[in-house]
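Take a look at the structure below.
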Amino acid sequence: MNRYIFAGQDIIVPAAGPSFDDASGAWAAAAEAATGSREYEAGCGRCVAVMLDEGGAEAAMLGALSEVEGLRRIPLRQALSEYPAEAIKGALRGAALLRWLETARYCGACGAPLADKDAGSEDYGARSCAACGRAYFPRISPAVIVLIRKGPRALLAHNARFKSGFFGLIAGFVEAGETLEEAAAREALEEAGIVIENLRYAKSQPWPFPDSLMVAFTADWASGEARPDGVEIGELRWCLPSELPEIPPRGSVARYLLDEFAKEG
């Protein structure tokens, strides 16, 4: 059993991290104090995740855990860069499920409380409404991210929310009624003013901030003069592999795309 402790956007990891293999000690105390918990299956096996709130009695537990030798509280995004993908897989799923539970409390149709479906039921993993019978499954918000090539260069984008000097890639959420391919082409045109071609799937990654599934592509520039939209994107650069500025950390699908591009340099 893989056991994970979360606090807000952070994860508490033991020295052997990121999961607690021992069901006693710090894990047992945190599990007893937590108000949010979820058992689930992931690629790494059976898992359970708990969420400790920053307030009330749980705050005291967080303080106690901070004194335990060998435990660290780190941002989940940092954990992505520190641990191998297979090791962190269960934590990503746990974080997404716990955040879904925070909002999946009442039926959106009639307002009655929701309850977990029983193990073995057809809709196991969902939450159902006893009043009107609707079932609610964990929400997933698909998004696309694209590394666009123009000859030996790749297009990097500075989002208005990024710190100065930090660059990522063209990305955005898929809209209703839209294919992944259409979303990638639309984002390139909206954010950078360019038309792309030869769109190729690269890989995907769960991104529980709070509930995204990142679908990564590479593409070639076809036409248009790259220019930032001035709203989401403040600056664009066509970079050679040797010219990359500060980019997303390892563990993210954006970094995977850029690392593959950098290998060509």
For the stretch 1-91, which helices (runs of 4 or more DSSP H) that fit wholly inside it have 2 or more residues that are touching a Ser or Thr at 6+ places or on another chain (Cβ under 9 Å)? 56-66, 76-82
Across the stretch 104-118, what is the number of residues that are within 13 Å of Phe137 (Cα to Cα) and touching a residue at least 24 places away in the same chain (Cβ under 8 Å)? 3
Scan the stretch 99-117 and give yes if some residue there is aromatic (Phe, Trp, Tyr), within 22 Å of Cys47 (Cβ to Cβ) and not in a helix (DSSP H, G or I), otherwise no. no
Give me a count of the residues in the stretch 129-158 that are modelled with pLDDT under 95 and either of a type in the set (S, T, N, Q) or more than 26 Å from Trp100 (Cα to Cα) (or both). 0
Under the condition of being in contact with a helix residue (DSSP H, G or I) (Cβ under 8 Å, 6 or more places away or on another chain) and hydrophobic (A, V, I, L, M, F, W, C), which residue from the stretch 49-59 is surrounded by the fewest Cβ atoms within 10 Å (Cβ to Cβ)? Ala57
For residues in the stretch 84-130 being of a type in the set (Ser, Thr, Tyr) and touching a strand residue (DSSP E or B) at 6+ places or on another chain (Cβ under 8 Å), which is surrounded by the fewest Cβ atoms within 10 Å (Cβ to Cβ)? Tyr106
Checking the condition within 15 Å of the chain's Cα centre (by Cα) and in contact (Cβ under 8 Å) with a residue 60 or more places away in the chain, which residue from Ala7, Ala91 passes? Ala91
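The values are calculated or read from the model by the stated rules, or taken from the named source; none is laboratory data. Please read these numbers as outputs of a predicted model, since none were measured by experiment. Cβ atoms come from the backbone with ideal geometry, glycine included; neighbour counts cover every protein chain shown.
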